Amino acid sequence: MLTRIALLALSAPRRVLAAAALLTVGLAAFGVPVAASLSPSGFADPGSESARAAEVLTDTFGRGDVQMLIMVSSPGGVESPRAREVATGIVEQVSGRPGVAEVSSAWTAPPATAGDLISEDRAAGLIVVGIAGSEAEQQRTAAQIADEVTGEHDGIVVTTGGTAMVNVQITEHSRRDLLLMESLAIPLSFLVLVWVFGGLLAAAVPVAIGAMAIVGALAVLRVITYTGDVSIFALNLATAMGLALAIDYTLLILSRYRDELATGADIATAITTTMITAGRTVIFSATTVALSMSAMVLFPMHFLKSFAYAGVATVAFAAAAALVVTPAALAVLGARLDALDVGRLARRLLRRPAAPVAPVEQRFWYRLATAVMRRALPLGLAVVVLLLVLGAPFLGVRWGFPDDRVLPASASAHQIGDRLRDDFADNTDTAVTVVIPDSVGLTPAELSGYASELSRVPDVAAVSAPTGTFVEGTRAGDPSAPSGQHDGSAYLTVASTAPLFSDASETQLDRLHAVPGPGGRTVEMTGTAQTNRDSVDAITSTLPLVLGLIAVIMFALLFLLTGSVVVPLKALVLNVLSLTAAFGALVWIFQDGHLAGLGTTPTGTLVANMPVLLFCIAFGLSMDYEVFLVSRVREFWLDGGYTNDEAVALGIAHTGRIITAAALIMTISFAALIAASTSVMRMFGLGLTLAVAVDATLVRMVLVPAFMHLMGQWNWWAPRWLAGLHRRLGFSDAPSTETDNHTSTERIPS
């Protein structure tokens with residue numbers, strides 16, 4: 001297949017480029033509008049207890065899927081005539097419109113309920129709007145209401161917040177963040193490519209491939225929105241990874257192409273050999289990254305599923321574009337690949353001669369590898385200890401659910417959230433709603449007794465009167481039933497003083513669940529605390545399967561590539577080790593608030609989805625560099641003329657510059673996410689930046705050569721039966737004349 005791609009690129013390169021350009025334009029026209037169809041939520045498990053309870057509240061009792069809070073503030077107090085006039089006008093304006101399920105307010109609710117909707121200083125009151133519909137419809141309704149009511153009315157200030165506005169503002173900020181990220185990452189990446197390749201034309205090829213990968217991934221995401229929910233945060237991943245991986249793969253191909261030209265090969269031979277060697281590495285690398293990310297589809301939350309969709313689509317388009325378009329571009333450019341060489345121009349201006357090409361043994365990466373292998377044990381242990389120390393803060397991780405504080409402090413939803421936490425006696429975020437899905441036949445006395453038992457649980461401030469479908473006299477369909485029974489479902493609201501995501505909150509949930517349901521009926525609970533517990537349980541119950549699947553897939557792929565069982569095991573251990581610094585930093589900065597949370601509002605918790613997301617993506621990217629390096633090391637080992645240490649040093653010498661440049665560009669792409677205004681994306685950007693940087697430096701350039709030196713020729717060991725299996729099924733990054741050389745495989749101990 002790779003040979004045929006090379007022949008196609010040589011025979012009809014302009015047609016290939018024209019077809020790719022037309023396809024890119026079509027994909028862009030279809031995929032770019034996808035942002036309007038994406039969801040800002042998806043952190044919860046849709047099949048959990050809390051989700052089922054919320055569905056009953058929506059379908060049976062007409063409560064909105066999400067709440068929108070409209071805060072009316074008056075210097076004269078909420079009882080002033082002008083404040084009442086403005087508030088009741090808003091209630092009338094909002095009530096009855098499409099998408100609004102219910103409306104209550106401090107000015108229209110019964111006195112017992114109204115008190116909870118007024119701030120402690122009585123300067124502000126709330127209008128609570130329940131909004132129903134799909135997530136896209138909810139956002140449209142909330143945005144329209146906000147546009148209509150927000151502002152100042154003769155000294156009365158009206159602002160909007162609540163979950164509905166959190167979703168709206170996350171979407172707005174994510175779209176702006178995407179433009180900001182592109183404006184930072186693309187120019188900086190291009191400058192690095194110019195530095196790596198010297199020529200402007202050579203640097204432009206990877207950027208063009210990256211653009212194709214991005215629009216292709218966006219088109220795939222839009223197709224998926226027709227059948228399910230996709231998180232808007234997946235846009236950031238598609239953009240960052242599309243650019244980074246496309247540059248990685250193109251950089252590998254271009255570097256190998258130049259190496260072949262340097263040996264005296266003509267352009268046609270260089271392109272063919274490059275596709276057989278570097279092209280095969282690209283396929284293996286893309287497969288490892290895609291399979292690592294695809295494992296996230298096993299989690300029930302569509303936030304994680306969305307990143308699986310975006311990740312696999314981005315990797316596929318990046319690899320396909322690099323394999324098909326790059327050789328065609330090389331065939332068209334020919335000797336002009338090095339045109340517009342900035343380095344050559346600089347040397348002419350400074351009147352300096354070109355630096356002579358140093359033998360490989362005198363290059364920095366070769367000398368670094370040999371220096372590390374001379375002190376393999378102390379250097380390896382020092383790096384391992386350093387990474388474990390950096391990861392130690394993760395042992396104190398506390399899980400929480402994202403709220404308005406993921407937004408910047410300037411967002412109105414964040415400001416209202418702060419006001420609710422500080423100035424309102426009843427914080428609805430801490431409340432637990434208890435739903436009795438089947439309350440048929442329950443008497444008021446049974447429900448009241450159940451509510452009384454709930455009120456005795458520590459940290460319960462109050463329990464509302466049961467709400468449900470109530471039939472006086474006889475139960476529907478049963479004339480013999482006594483009077484005063486419920487016919488349908490019922491629910492109660494438990495007001496809690498336990499801080500969210502604390503040990504007290506977890507203990508309270510356990511005790512609420514321990515109270516027997518009325519009449520022995522099943523009860524289900526919802527609310528932020530229960531939703532967070534369900535999400536963490538969904539992740540922890542699925543995580544062993546996901547981790548095991550990733551480990552098996554990565555082991556099998558690396559075995560097929562190397563014929564060794566030692567190298568895959570080493571890769572699995574070192575890739576996990578490379579993530580410790582990133583995980584520790586997430587807790588130390590975003591949970592504990594050091595470095596001022598990098599401009600975010602620390603909540604004392606981490607969103608449970610983020611470490612899982614970071615692991616699956618960063619683990620795949622680590623395997624990306626592992627394939628780059630090990631495939632070249634094995635190529636020298638199979639040559640038969642090098643010792644293990646020489647093969648390792650030569651492999652690093654030929655890939656060190658590529659891995660460093662690729663990692664630098666990838667860290668630029670991910671570091672651009674740190675400029676995002678939402679804390680979720682800042683967390684994601686910082687974690688991936690650290691993971692890639694640590695992997696490309698400490699792990700790939702220190703731990704890998706140290707380990708491979710200590711293992712010696714046993715790096716390539718496999719049991720005899722597996723070695724035979726590899727000879728029949730395995731792959732290599734070397735040309736077929738080398739991979740079929742049985743004298744080479746005899747060097748692998750078995």
From the residues in the stretch 263-276 that are aliphatic (A, V, I, L, M) and within 14 Å of G334 (Cα to Cα), which one is surrounded by the most Cβ atoms within 10 Å (Cβ to Cβ)? I271
Tally the residues that are of a type in the set (G, A, S) and either more than 13 Å from T326 (Cβ to Cβ) or in contact with a strand residue (DSSP E or B) (Cβ under 7 Å, 6 or more places away or on another chain) (or both), restricting the search to the stretch 1-16. 2
Looking at the stretch 437-481 only, could you name the residues that are surrounded by fewer than 16 Cβ atoms within 10 Å (Cβ to Cβ), modelled with pLDDT of 85 or more, farther than 13 Å from T493 by Cβ and aliphatic (A, V, I, L, M)? A445
In the stretch 379-429, residue farthest from V494 (Cα to Cα) [restricted to those that are outside any helix (DSSP H, G or I) and without any contact (Cβ under 8 Å) to a residue 40 or more places away in the chain]: S410
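Tally the residues that are modelled with pLDDT under 90 and either over 24 Å from Q139 (Cβ atoms) or among the charged types (D, E, K, R) (or both), restricting the search to the stretch 61-74.
2
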Output yes when any residue across the stretch 536-555 is open to solvent by less than 40 Å² (accessible area, probe 1.4 Å), closer than 24 Å to A51 by Cβ and of a type outside the set (V, I, T), and no when none is. yes
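From V168, V158, grab the single residue that is assigned to a strand (DSSP E or B) and either open to solvent by less than 20 Å² (accessible area, probe 1.4 Å) or at positive phi (or both).
V158
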Scan the stretch 12-49 residue by residue and report those that are of a type in the set (S, T, Y) and modelled with pLDDT of 90 or more. T24, S48
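So that you can scan it fast, the table gives a plain yes or no per residue for (1) open to solvent by less than 10 Å² (accessible area, probe 1.4 Å); (2) in contact with a Lys or Arg (Cβ under 9 Å, 6 or more places away or on another chain):
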| position | (1), (2) |
| --- | --- |
| L686 | no, no |
| L690 | no, no |
| M708 | yes, yes |
| M711 | no, yes |
When the stretch 29-49 is checked residue by residue, the ones that are open to solvent by less than 30 Å² (accessible area, probe 1.4 Å) and either closer than 23 Å to A142 by Cα or aliphatic (A, V, I, L, M) (or both) are V34, A35, L38, S39, P40, S41, G42, F43
Residue by residue through the stretch 628-650, note down the ones that are without any contact (Cβ under 8 Å) to a residue 40 or more places away in the chain and either in a helix (DSSP H, G or I) or closer than 23 Å to I186 by Cα (or both). F636, E646, A647
Collect the residues in the stretch 296-312 that are open to solvent by 10 Å² or more (accessible area, probe 1.4 Å) and either modelled with pLDDT of 90 or more or touching a helix residue (DSSP H, G or I) at 6+ places or on another chain (Cβ under 6 Å) (or both), keeping them in residue-number order. V297, L298, P300, K305, Y309, V312
Criterion: open to solvent by 50 Å² or more (accessible area, probe 1.4 Å), within 28 Å of V32 (Cβ to Cβ) and either outside any strand (DSSP E or B) or not hydroxyl-bearing (S, T, Y) (or both) - qualifying residue of E152, E85, E137: E137
For the stretch 221-242, which residues satisfy the criterion of being buried (at least 23 other Cβ atoms within 10 Å of the Cβ), out of contact with any Lys or Arg (no Cβ under 9 Å at 6 or more places or on another chain) and either among the charged types (D, E, K, R) or farther than 16 Å from G620 by Cβ (or both)? L221, F233, N236, T239
Single condition R175 does not satisfy, out of (1) in a helix (DSSP H, G or I); (2) touching a residue at least 24 places away in the same chain (Cβ under 8 Å); (3) within 28 Å of A425 (Cβ to Cβ): (3)
More than 22 Å from P568 (Cα to Cα) and in contact with a Lys or Arg (Cβ under 6 Å, 6 or more places away or on another chain): does that describe I674? yes
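The values are calculated or read from the model by the stated rules, or taken from the named source; none is laboratory data. All figures in this text were calculated on a predicted structure; none of them were measured in a lab. Cβ sites come from the backbone with ideal geometry, for glycine too, and all protein chains shown count toward neighbours. With ligands, DNA and RNA removed, areas are computed over all heavy atoms of the protein, side chains included. Shrake-Rupley method; radii C 1.70, N 1.55, O 1.52, S 1.80 Å.
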